[in-house]
1. Of all residues in the stretch 70-82, which are in contact (Cβ under 8 Å) with a residue 40 or more places away in the chain, surrounded by fewer than 24 Cβ atoms within 10 Å (Cβ to Cβ) and in a helix (DSSP H, G or I)?
2. Just to confirm my filter: which helices (runs of 4 or more DSSP H) fall fully inside the stretch 167-277 and include at least 2 residues that are open to solvent by less than 10 Å² (accessible area, probe 1.4 Å), out of contact with any Asp or Glu (no Cβ under 8 Å at 6 or more places or on another chain) and modelled with pLDDT under 95?
3. Restricting to the stretch 388-420, name every residue that is open to solvent by 50 Å² or more (accessible area, probe 1.4 Å) and either farther than 16 Å from ILE325 by Cα or assigned to a helix (DSSP H, G or I) (or both).
4. Return yes or no: is GLY369 more than 30 Å from ARG169 (Cα to Cα), buried (at least 16 other Cβ atoms within 10 Å of the Cβ) and either over 27 Å from the mean Cα position of the chain (by Cα) or modelled with pLDDT of 95 or more (or both)?
5. Taking GLY280 as meeting all but one of (1) buried (at least 17 other Cβ atoms within 10 Å of the Cβ); (2) more than 24 Å from the chain's Cα centre (by Cα); (3) not in a loop (DSSP other than H, G, I, E, B), write down the number of the exception.
6. Just to verify a result, which residue in the stretch 38-63, among those that are outside any helix (DSSP H, G or I) and hydrophobic (A, V, I, L, M, F, W, C), is nearest to LEU229 (Cα to Cα)?
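The values are calculated or read from the model by the stated rules, or taken from the named source; none is laboratory data. A quick note: this is a predicted structure, and the numbers were derived from the prediction, not measured. Here the Cβ positions follow ideal geometry from the backbone for every residue, glycine too, while neighbour counts run over all protein chains shown. Just the protein is used for accessible areas: all its heavy atoms, side chains included, with ligands, DNA and RNA removed. Shrake-Rupley method; radii C 1.70, N 1.55, O 1.52, S 1.80 Å.
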Amino acid sequence: MRTVRLGAGAGYAGDRIEPAVELAERGDLDYLVFECLAERTIALAQQAKLRDPEGGYDPLLEARLRAVLGPCRARGIRIVTNMGAANPVAAARKAGALAREMGLAGLRIAAVTGDDLLDAVRAGDFVLEESGEPVAGLGNRVVSANAYLGAAPIVAALADGADVVITGRVGDPALFLAPLVHAFGWAMNDWERLGRGTLAGHLLECAGQITGGYFADPGCKDVPDLARLGFPIGIVAEDGTVEITKVAGSGGRISLATCKEQLLYEVHDPARYIQPDVVGDFSEIEMEQVGPDRVRVRGATGAPATGLLKVSVGYVDSYIGEGQISYAGPGALARGRLALSVVRERLALTGVATTELRCDLIGVDALHGAALSGGREPYEVRLRVAGRTDTHAEAVRIGNEVETLYTNGPAGGGGAWKSAREVVAVQSVLVPAALARPRVHVVEA
């Protein structure tokens, strides 16, 4: 039976790069997929695009592509990624310029747009799923509204000959489903195969998590060679059955346990895994260890898509002020607790207005190591005070109060640190799928 080999080159925006190079050079891949876009990331990217019209894409786009374009071009591996974030077209232009610089003339790069629904969401009467409040109630604090698109525009780009497809917001599994739909010619209403392809995407989307990175727990769930953790390969057959493996000799482990943990990751209802293309049903899945670091997964199916798209609405929510300081040695815990009480009282005395306040003592052995931290009390503690405020100026005052513990608080405080930052929060709305009109733009290197 014909198969397609998918490699997962990243599981989040800041992920390691060398495992992707290993996949490109030794994974015998057909497609290398980079999933780099979290819920809140795209709102921050939209703010970056406002500051620079040529910005707003993944900051590591150039570094990742510079590392893998050569080996992928040499082996005919096509790249699919959501590193376009808020600006896929600018990202495609950047990729094209990089390819020309690297002597890779003729590379065809596609940008998928249409996920940005900010104007439509602002103009509509949509209600936020989490709070039940109308989007209009957020006023001008809304900075982004991006829909999770499905696989179709990526499939169209691949059919048009794209070597690299760069998207903004799409469903994470859709990045992996699209090459399968393209390669096997699956119909977009073949719910069973779409469900199976979505399962393959879900198992692969977090990269090193399924090869043991998120699994490792020394003495309980040991994973070899984590420093050289290999990223996963999905070998998907035409009927949608998938085998999860990794490059031979790379670090990590692929077992029934690592695959089962990833299967359940971020899945609310295994019988109704709602995606833009299909509602996946993973409730009857069977897994089988078919070799060292190789697990076969079968039995997924699917039902028709809901016709609705989830839209992440990013907005300026508040500010967070934070301060930290450490205490070590005899009486560290008592001095840490005294310091916390001093900060609480000082914030009240000076009238710092917070809507939420957390006061914690973190850690037991971060300063002097485990050998000196034995006993019933920790040898060292780190104080952390963090408060949510309505203004940046109020947030600054929280860190300042912690810092003053140097000379005004308990003895021996050290390593003080403070910050004040804007908080961009995310809630969701559901919109009719027809509201999004995806387009494919092509850049020739």
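1. PRO71, ARG73, ARG75
2. Qualifying helices (runs of 4 or more DSSP H): none found.
3. The answer is ARG388, ASP390, THR391, HIS392, ALA393, VAL396, ARG397, ASN400, GLU403, TYR406, THR407, ASN408.
4. Details: more than 30 Å from ARG169 (Cα to Cα): yes; buried (at least 16 other Cβ atoms within 10 Å of the Cβ): no; either over 27 Å from the mean Cα position of the chain (by Cα) or modelled with pLDDT of 95 or more (or both): yes.
When the stated conditions are applied, GLY369 does not pass them.
5. (2)
6. Going residue by residue through the stretch 38-63, those that are outside any helix (DSSP H, G or I) are 38-40, 52-60.
So of that shortlist, the ones also hydrophobic (A, V, I, L, M, F, W, C) come out as 38, 60.
On the way: ALA38: 22, LEU60: 20 Å.
Only one residue tops the list, namely LEU60.
Conditions tested, residue by residue: (1) open to solvent by 40 Å² or more (accessible area, probe 1.4 Å); (2) of a type in the set (A, V, I, L, M, F, W, C); (3) at pLDDT 95 or above.
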{"position": "GLY84", "(1), (2), (3)": "no, no, yes"}
{"position": "ASN87", "(1), (2), (3)": "no, no, yes"}
{"position": "LEU98", "(1), (2), (3)": "no, yes, yes"}
{"position": "ALA123", "(1), (2), (3)": "yes, yes, no"}
{"position": "LEU128", "(1), (2), (3)": "no, yes, yes"}
{"position": "PRO134", "(1), (2), (3)": "yes, no, yes"}
{"position": "GLY137", "(1), (2), (3)": "yes, no, no"}
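To keep it simple, each residue is scored yes or no on (1) in contact with a Gly (Cβ under 7 Å, 6 or more places away or on another chain); (2) closer than 27 Å to LEU226 by Cβ; (3) surrounded by 19 or more Cβ atoms within 10 Å (Cβ to Cβ).
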site: VAL4; (1), (2), (3): no, no, yes
site: LEU23; (1), (2), (3): yes, yes, yes
site: LEU32; (1), (2), (3): yes, yes, yes
site: CYS36; (1), (2), (3): no, yes, yes
